[in-house]
Amino acid sequence: MKLFPKMPVIAAVAARIALATALAVPAQVSTIAPAAAQERVSLVRDAEIEALVRDYARPIFKAAGLSKSGIEIILVNDPSFNAFVAGRRMFINTGALMTAETPNEIIGVIAHEAGHIAGGHQERLRDQLARAQTMAIVASLLGIGATVAGAATGSREAAQAGTGIALGGAEVARRSLLSYQRTEETTADIAALQYLNATGQSAQGMLKTFQRFASALALTGTRVDPYQISHPMPRDRIANLTETAQKSQNFDKKDPAALQLRHDMMRAKIAAFTGDQGATSRMFRGNSSPLPGQYGDAISTYLYGNPATALKKADALLKTQPQNPYFMELRGDVLMKANKPRDAAEAYARAVKADPAKSGIIQIGYGKALLAAGDQKSVEAAVLALKKGIDRDRENPDAYMPLSQAYGRLGQIGEAELAAAEGNYYSGNYLDAKVFAARAQQKLKSGSPGWVRAQDIINYKDTSKRRK
């Protein structure tokens, strides 16, 4: 599991103020934001978690007519229970994955977000934002005119009325936008029920999510004006959905045991990487299967303990599931930490072969281990492994710096500079990316694919600065 620092993610303002809290406890929205912006979020990359979440999403996307839409699911390193969509990307917080006790809860979240995408809510929300901005601007201009007129005539009342017009117009625009957002949330809830029923799955997980939010809101003791929030109140959502959900023949269906185990393994991994050393033992105390707790313990030992002990625990896991690619990957991680790159490369190679999802992440780990081995043959193999990983996962910045180092050791400086440019580009360090790209062009043949790619990076326009 790899935690990345905050990285840029292009997103419409729809994601920022309407969908960024798509399943969160309602929060007040006090301003109308600009038409578009670029957000930075802290991302998580992990082959096991990504494969599981894609398995959750696949039937839902098919039911929603999104199978061929290229929807990308991205994991956000955030402890809150939240999910949102931006364009063709669906973002799910690690907090949601770790908190959800069953696969069905996360599948309900995905179904809701799929409802937003299939319904074209982001595009329509942009139109609503433009309309709301226009309303606010017109009201502001009318108010300014009245204020100026009042000042010119010496009428204090007229000037105050002008100020009231401006403020009142902005408030009307804001409430109109919030009302529209609540309608879209309700529509996405209904769509989610349809997708769940079409795929033979229960809506209990989605209802449990809303119940969790209702309990959290009640515990705060906060009085919330339902007309001042962008989402329906959790209790209202439960009331609106429960009767329909209970009519489904799938309502009492439980998640398959094998899927539940994968879900628990995922929760153990997230808890181990993001919590303290006792997080997994607390989470799975009394669990019917000991494996998730053992997995979390092995990861915690890898992170905080002795590599030799961690290796023993990884090997114990492999005895229970000899073909589990993620146990093999953990073994490779432990061996890398123990400074045994050749042994680690063997473990990663086994993981790559066993991985049904063909994740670029494990492939990149294999390439990094080969590079660390250091001899000429291993470095040459590292280039091939890393390039294969990039072919599967082009935007993963974790691949490019080791590829740059490998090229450098082989004396291929132009390729090394280009790999460094790519790594900085996908990390959002655009200025450094342009510097490396310019240096790469000096060493690459003019017009070659590498030279052209370097030019693309040089020509890239950085739109990450937020509008004020």
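Within segment 382-402, the residues that satisfy the criterion of being surrounded by fewer than 19 Cβ atoms within 10 Å (Cβ to Cβ) and part of a helix (DSSP H, G or I) are Leu384, Lys387, Lys388, Asp391, Arg392, Met401. Scan segment 320-337 and tell me whether some residue there is in contact (Cβ under 8 Å) with a residue 12 or more places away in the chain, part of a helix (DSSP H, G or I) and closer than 29 Å to Tyr460 by Cα. No, because not a single residue in segment 320-337 is in contact (Cβ under 8 Å) with a residue 12 or more places away in the chain, part of a helix (DSSP H, G or I) and closer than 29 Å to Tyr460 by Cα. If you check Asp264, Asp255, which single one turns out to be among the acidic types (Asp, Glu), touching a residue at least 60 places away in the same chain (Cβ under 8 Å) and closer than 19 Å to Ala51 by Cα? Checking each option against the conditions leaves just Asp255.
Of all residues in segment 342-363, those satisfying the criterion of being among the small types (Gly, Ala, Ser), buried (at least 21 other Cβ atoms within 10 Å of the Cβ) and closer than 18 Å to Pro402 by Cα are Ala344, Ala345, Ser359, Gly360. In segment 32-80, of all residues being under 25 Å from Ala118 (Cβ atoms) and among the basic types (Lys, Arg), the one that is modelled with the lowest pLDDT corresponds to Lys68.
Residues in segment 82-107 that are surrounded by fewer than 22 Cβ atoms within 10 Å (Cβ to Cβ) and either more than 21 Å from Asp393 (Cα to Cα) or of a type in the set (S, T, N, Q) (or both): Asn82, Gly95, Met98, Thr99, Glu101, Thr102.
When residues in segment 282-316 are screened for being of a type in the set (A, V, I, L, M, F, W, C) and surrounded by fewer than 21 Cβ atoms within 10 Å (Cβ to Cβ), 5 of them pass.
In the set Ala170, Ala166, only one residue is more than 27 Å from the chain's Cα centre (by Cα), buried (at least 16 other Cβ atoms within 10 Å of the Cβ) and at pLDDT below 50; that residue is Ala166. The set of residues in segment 425-440 that are surrounded by 22 or more Cβ atoms within 10 Å (Cβ to Cβ) and over 12 Å from Asn459 (Cβ atoms) comprises Phe436, Ala440.
The values are calculated or read from the model by the stated rules, or taken from the named source; none is laboratory data. Please read these numbers as outputs of a predicted model, since none were measured by experiment. Here the Cβ is made from the backbone with ideal geometry for all residues, glycine too, and neighbour counts use every protein chain on show.
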